[in-house]
Amino acid sequence: TYLWTTLARPQAETTDKELKAAIQTYLQDQHELRCSRRDSKLLNVCRKKPGIDPILWLPMSPAERMRCIRYRLGWLPSGKPTPCSRCHHPSDMNHRHLIACFSIHSTLNLPHDIDDPISYLLNRLPKKPPRSQATRNYWKSKWPQLCAILETLNKHCNPDHRQGYVPPDQHGRDLLEWMEPSAPVSLQPTSPITS
């Protein structure tokens, strides 16, 4: 196969370490090739390295995970051409419109040169509990805000979808407890975006 032709030594002499490195290089090359295609807009906002997205395994409530996945897959907004019911703009609701309409850059206190602040934060979720107190404090602020934003966007884009009320002090609690398992998490209530 193609993979064996990329190895420096014959198949019988190749070590496991060399094979793993060749596989990683191959997967990275394939990922970059897919990202370079014009029709891979959603793939381009995901993590730059191939692998299992942490939103699939990090501790969070089923509702939070569902919203993260729906946003990642482009299902939030619903994917149907619909005018925005918040600002009554006739253009279709899409990620770019929702980000502007709900002032998400300002809400998350992120620079406006970031195209998609939600994907920006999802791409930076830690894969292991952070050691740095500054990093933990950053996520104590950002993660509950992001969860509240995704809940608001979900309600806005899917008004018929009924989901229970989540108190502001409960947004993102599972992930924050995972980051500091030995200490209780004290959260400041976040103000949800009003629609």
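Bear in mind that the values in this text are calculations on the coordinates, not laboratory data. None of the values given here were measured: they were computed from a predicted structure. Positions of Cβ are backbone-derived with ideal geometry, glycine not excepted, and every protein chain shown enters the neighbour counts.
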Share of pairwise Cα separations in the range 97-147, more than 13 Å, in percent:
58 percent
Taking the mean number of other Cβ atoms within 10 Å as a proxy for protection, how do you rank 137-150, 13-26 from highest to lowest?
137-150, 13-26
Qualifying aspartates and glutamates (Cα of each under 16 Å from Cα of Lys20; at least 8 residues distant if same chain):
Asp29
